[in-house]
Each structure stands twice: as C-alpha cells, then as structure tokens.
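Mind having a look at this structure? Questions to follow.
The values are calculated or read from the model by the stated rules, or taken from the named source; none is laboratory data. The structure displayed is predicted, hence computed values, not measured ones. Because the Cβ atoms are built from the backbone with ideal geometry, glycine has one as well, and the counts that use them run over all protein chains shown. Note: areas computed on protein heavy atoms with side chains; ligands, DNA, RNA excluded. Shrake-Rupley method; radii C 1.70, N 1.55, O 1.52, S 1.80 Å.
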Amino acid sequence: MKKKLILVLNCGSSSVKFSVIDPVLEITYLDGILDIINSKISLMIKNLVQNTTLFKKFKQINSYNELIELIFTTLFCKYKNYLDNIVGIGHRVVHGGPFLKKSMIVNSDVLLKIQRSSIFAPLHNPFHVTAIKVALQQMLMLQHKNVVVFDTSFHHTIPKKAFLYAIPYKFYKDHFIRRYGAHGINHLYVLKKSSLILKRPINRLNIISCHLGSGSSITAIVNGQSVDTSMGFTPLEGLVMGTRCGDIDPCIIFYMVNELNIPVNEVQKILTKESGVLGISSITSDFRELEEKYDTHKLAKLSINIFCYRVSKYISGYSSLMEGRLDAVIFTGGIGENSSFIRQKIIHKLSLLNLFIDTKKNKTSHKKNIFINKIGSIPILVISANENYIIAQETYNLVV
Ligand code: ADP
C-alpha cells in the first residue's frame with residue numbers, strides 16, 4: 001500500500017529544517033537542515049531508515065527563494081521514492097496574528113494574512129511567506145496542498161483577563177496589542193504525550209508545561225486548554241532566555257533612550273540579542289558552558305540562579321490557575337530535556353506545591369519521556385520537544 005507522508009518545513013532566517021514524516025505511525029524518514037552561516041550554505045539530510053547522511057556545501061545563493069528551491073531539487077533528485085509518497089506540505093508559522101487562529105490550507109487570503117502578521121514576527125513570518133510561495137510553485141505539478149500550522153494557535157483559548165495588557169483598550173481594539181504567546185505547537189505536543197503517559201484524557205488534564213531552550217516559555221494548561229503563557233505580544237516577554245531579557249519594567253527602555261541616549265534600535269538589539277543569561281554572565285548564552293562554570297565564575301552562577309528563580313516563580317503563579325488539581329509539571333526543550341542541574345534548582349523551591357524531584361531519576365533523564373519525581377510528589381515529566389509530529393498530523397488531517 002502507498003504510504004501517505006507529509007513534508008514538514010520549518011523556515012527561519014538562518015536555517016531551514018525539513019522532515020519527511022509518516023504522521024499516523026509517528027515515523028520520521030528524512031530529517032534535513034540547510035544552514036546559512038556567514039553566507040556559507042550547507043545542506044545535511046539524514047535518512048533515518050537507511051542510516052545514511054548526505055552532506056553538501058554551496059557557494060553562492062542569491063535569494064531565499066533559491067534556498068528553498070535547492071531543498072526541493074535535492075529531494076527530487078536524491079529522494080524521489082519518498083517524495084512520490086508525499087500527500088501534503090506542512091509549514092510551521094511562528095505568528096498567525098489576530099485572525100489566523102487554527103491550522104489551515106494555504107490560499108491567497110491566508111498568505112496575505114501571514115504577510116500582514118509580519119509586524120508581530122518580523123524575523124520569521126517574511127521567510128515563511130517566501131517558503132510557502134516556492135512550495136506552492138514546486139507542488140503545483142503534483143497537486144499537493146500546503147498547510148500552515150501556527151505557534152500562536154494553541155494560545156487562542158487564553159481568556160481576556162490573561163491576554164489583555166492594562167493599557168488603553170483602543171490599543172487592543174484598533175491595533176491588536178495583546179498577549180499571543182509562542183511555542184504553542186510544542187506545548188500542544190507535550191500535552192498530547194503527557195495524556196498518553198498519564199493515561200488521562202486531554203480535556204481533563206491540568207499541566208504546567210516548561211519549554212526551556214534558547215527561547216523559553218511556560219504555559220498553564222487547564223482541561224487541555226492553554227489559559228496563560230509567559231511570552232506575550234512577542235517572544236520577548238516572560239522567562240529569562242539565552243539572549244532575551246524576558247519581563248522587565250518598560251521604564252528601563254525610556255531611561256535607556258532618554259537618559260542614556262541609546263538609540264531605540266540599539267535598545268531593541270540589547271534586549272533581544274544581548275540580554276538574558278548572556279547579558280548577566282557576559283560570557284555565553286549556552287547553558288552547558290554556564291553550568292560548567294557555575295562553581296568558578298560568579299556571574300555564570302548568578303545568571304543560572306536568576307533563570308531558575310524566574311521559572312520557579314512562574315510555576316508557582318500558574319499553580320493558582322489549576323482549579324485545585326495539578327496533574328504534572330513538564331520539562332521540554334534543549335535545557336528542559338538535558339539539564340538535570342537546572343531542573344533540580346527549579347523544583348527545589350517548590351516543595352510547598354508538593355513537587356519533589358528524585359535525584360537519581362532526574363540524572364537518568366537521557367531516557368526521554370520519563371518521570372523524575374519522588375513517590376508521593378505531583379508528577380514531574382521530561383518530554384522531548386517535537387513540533388514536527390504535530391505539524392505533520394495537522395497537515396494530514398486537513399489534506400487526506
Ligand atoms: P531552540 O530554542 O533554538 O530550539 P533548544 O531547545 O535546542 O533551542 O535549546 C538550546 C539550549 O539548550 C542551549 O542554550 C543549550 O545550551 C541548551 N542545552 C542543550 N543541551 C544541554 C545540556 N546538556 N545541559 C544544559 N543545557 C543544554
């Protein structure tokens with residue numbers, strides 16, 4: 001029987017990740033990444049069935065269009081057997097803005113709305129639009145449909161009291177300024193996984209999902225729905241991140257501009273690219289290195305402590321939204337999955353919530369999807385992030 005596979009595209013400014021997936025069996029056949037570093041381009045595709053890797057370098061590419069075309073050309077030339085089984089293409093889109101609330105098949109109206117939502121995600125949405133246009137052209141001859149899956153969709157259930165900022169209402173009504181959140185695709189993925197692990201239906205699950213990576217966010221989920229999340233109008237709000245500041249007093253910005261005479265563009269750069277644990281430690285945004293230096297470098301230690309403090313504070317705050325029952329706290333993302341040290345530090349402060357970590361289980365969490373709590377504690381789970389399966393499943397459900 002012919003397989004029904006989905007090509008998943010995750011297009012950023014400095015890399016394009018793509019996978020060929022069987023969404024029903026949750027099998028990944030091909031996993032690829034095209035990296036653009038200092039205008040040097042490299043393409044790597046892993047065939048996970050045959051355990052082979054293709055690696056190519058390219059000298060000069062003139063446009064983002066050509067980059068995306070390169071992926072299709074390589075897939076057509078080298079992996080035609082997989083491409084013949086593809087029934088749809090799923091695109092990860094970081095921001096759906098106020099109007100695109102759920103996954104949908106791409107048409108000209110949808111494309112226009114994604115383009116207009118670029119004001120909310122200027123570093124991502126313009127690249128998504130270009131990639132979708134190329135994919136539409138490439139797939140025209142095969143008659144495949146393109147589907148967009150948004151990182152903001154999962155958070156559209158957040159009530160007004162949680163998504164509205166306390167600024168004049170007209171800024172929400174006329175200019176759509178509100179909390180949108182991010183990382184929604186992975187928060188949904190870990191919710192689905194935890195439902196299987198905890199053997200509890202999604203619509204009866206209350207969890208706090210901590211996605212800790214170079215960008216970090218935490219989401220309160222009640223009865224399977226997002227009711228609050230730490231990222232806001234943009235992914236700058238909330239937790240301390242690798243290079244992003246997270247929550248700060250907005251007056252700091254006025255002070256930097258008006259008193260310190262720093263141009264506003266520069267302030268934006270400072271808060272997004274030079275802050276977070278990088279800014280505090282002044283050595284790196286890489287948590288592995290910060291952990292190594294924890295005992296020897298004062299500011300590395302301080303940056304990790306501030307990061308963990310903020311996560312604990314959010315977990316505490318969100319526990320009050322759980323309507324009396326917290327089914328699990330979940331750790332996911334590069335740090336959440338790999339750093340037993342940071343998980344320990346975060347949970348250590350939360351005994352009042354009946355959260356206790358089992359030191360031994362915590363250290364063996366390289367076996368993913370496991371419990372790391374002590375007996376008697378509220379479950380604490382480590383679940384590997386996987387946006388691709390959700391994108392493939394949503395696409396499959398719309399095209400098949
Ligand atoms: P992104 O947000 O780019 O998807 P990831 O979820 O891949 O990021 O997370 C990247 C972060 O995870 C980096 O800061 C990296 O240092 C951190 N990380 C990866 N492995 C470990 C580890 N073993 N211990 C601590 N931090 C880790």
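Among (1) loosely packed, with under 14 Cβ neighbours inside 10 Å; (2) modelled with pLDDT under 90; (3) assigned to a loop (DSSP other than H, G, I, E, B), which single condition is residue 61 missing?
Here residue 61 clears every test but (1).
Restricting attention to the range 23-38, report how many residues are over 28 Å from residue 192 (Cα atoms) and in contact (Cβ under 8 Å) with a residue 12 or more places away in the chain.
Keep residues of the range 23-38 that are over 28 Å from residue 192 (Cα atoms), which gives 34-38.
In the following step, the residues that additionally are in contact (Cβ under 8 Å) with a residue 12 or more places away in the chain were identified as 34-37.
The number of residues fulfilling the criteria is 4.
Go through the range 253-267 and count every residue that is open to solvent by 80 Å² or more (accessible area, probe 1.4 Å) and of a type in the set (Asp, Glu). First the steps, then the outcome.
Pass one, the range 253-267, residues open to solvent by 80 Å² or more (accessible area, probe 1.4 Å): 254-255, 258-261, 263-265.
Keeping just the survivors that are of a type in the set (Asp, Glu) gives 259.
So the answer is 1.
Another question about this same structure. Could you check residue 201 against (1) out of contact with any Cys (no Cβ under 6 Å at 6 or more places or on another chain); (2) in contact (Cβ under 8 Å) with a residue 60 or more places away in the chain and say which number it fails?
The failed condition is (2).
Which ranges mark the helices (runs of 4 or more DSSP H) fully within the range 284-377 that have 2 or more residues being acidic (Asp, Glu) and open to solvent by less than 70 Å² (accessible area, probe 1.4 Å)? Show your work before the answer.
Details: elements: 287-292, 298-319, 333-338, 340-348, 359-363.
Those helices (runs of 4 or more DSSP H) span 287-292.
So in the range 268-283, with the set limited to residues that are open to solvent by 60 Å² or more (accessible area, probe 1.4 Å) and without any contact (Cβ under 8 Å) to a residue 24 or more places away in the chain, which one is farthest from residue 237 (Cα to Cα)?
The initial filter retains those residues of the range 268-283 that are open to solvent by 60 Å² or more (accessible area, probe 1.4 Å), namely 268-269, 273-274, 282-283.
Next, only the ones that are without any contact (Cβ under 8 Å) to a residue 24 or more places away in the chain stay: 268-269, 282-283.
Numbers: 268: 13, 269: 15, 282: 21, 283: 22 Å.
Here the answer is 283.
Let me ask you something else. Show the residue pairs that are 6+ apart or on different chains and have beta-carbon atoms under 9 Å apart, the first residue being within the range 326-340 and under 14 Å from residue 377 (Cβ atoms) and modelled with pLDDT under 95, the second being more than 14 Å from the ligand (Cβ to nearest atom) and open to solvent by 20 Å² or more (accessible area, probe 1.4 Å).
Correct list of pairs: empty, since none qualify.
Additional query: Need pairs with beta-carbon distance below 7 Å; first residue part of a loop (DSSP other than H, G, I, E, B) and within the range 247-264, second not aliphatic (A, V, I, L, M); sequence gap 6+ or separate chains.
Here the result reads 247/237; 247/238, each pair linking the range 247-264 to a residue that is not aliphatic (A, V, I, L, M).
Do the conditions hold for residue 41, that is, is it aliphatic (A, V, I, L, M) and assigned to a helix (DSSP H, G or I)? If you could, list the steps in order and put the result at the bottom.
Values: aliphatic (A, V, I, L, M): yes; assigned to a helix (DSSP H, G or I): no.
When the stated conditions are applied, residue 41 does not pass them.
Determine whether the range 236-252 contains at least one residue that is in contact with a Lys or Arg (Cβ under 7 Å, 6 or more places away or on another chain), more than 16 Å from the ligand (Cβ to nearest atom) and open to solvent by 50 Å² or more (accessible area, probe 1.4 Å). Show your work before the answer.
Going through the range 236-252, the residues in contact with a Lys or Arg (Cβ under 7 Å, 6 or more places away or on another chain) turn out to be 236, 239-240, 243, 246.
Filter again for more than 16 Å from the ligand (Cβ to nearest atom), leaving none.
No, the range 236-252 contains no residue that is in contact with a Lys or Arg (Cβ under 7 Å, 6 or more places away or on another chain), more than 16 Å from the ligand (Cβ to nearest atom) and open to solvent by 50 Å² or more (accessible area, probe 1.4 Å).
Something else about it: Give 64, 29 a once-over and let me know the one that is more than 27 Å from residue 398 (Cα to Cα), of a type outside the set (S, T, N, Q) and in contact with a helix residue (DSSP H, G or I) (Cβ under 8 Å, 6 or more places away or on another chain).
Values: 29 fails: more than 27 Å from residue 398 (Cα to Cα).
Of 64, 29, the one residue that is more than 27 Å from residue 398 (Cα to Cα), of a type outside the set (S, T, N, Q) and in contact with a helix residue (DSSP H, G or I) (Cβ under 8 Å, 6 or more places away or on another chain) is 64.
Next question. Just to be sure before I move on: is residue 219 in contact with an Asp or Glu (Cβ under 8 Å, 6 or more places away or on another chain) and within 13 Å of the ligand (Cβ to nearest atom) in the structure I sent? I'd like the intermediate steps shown before the answer.
Numbers: in contact with an Asp or Glu (Cβ under 8 Å, 6 or more places away or on another chain): yes; within 13 Å of the ligand (Cβ to nearest atom): no.
Taking the combined requirement at face value, the residue does not satisfy it.
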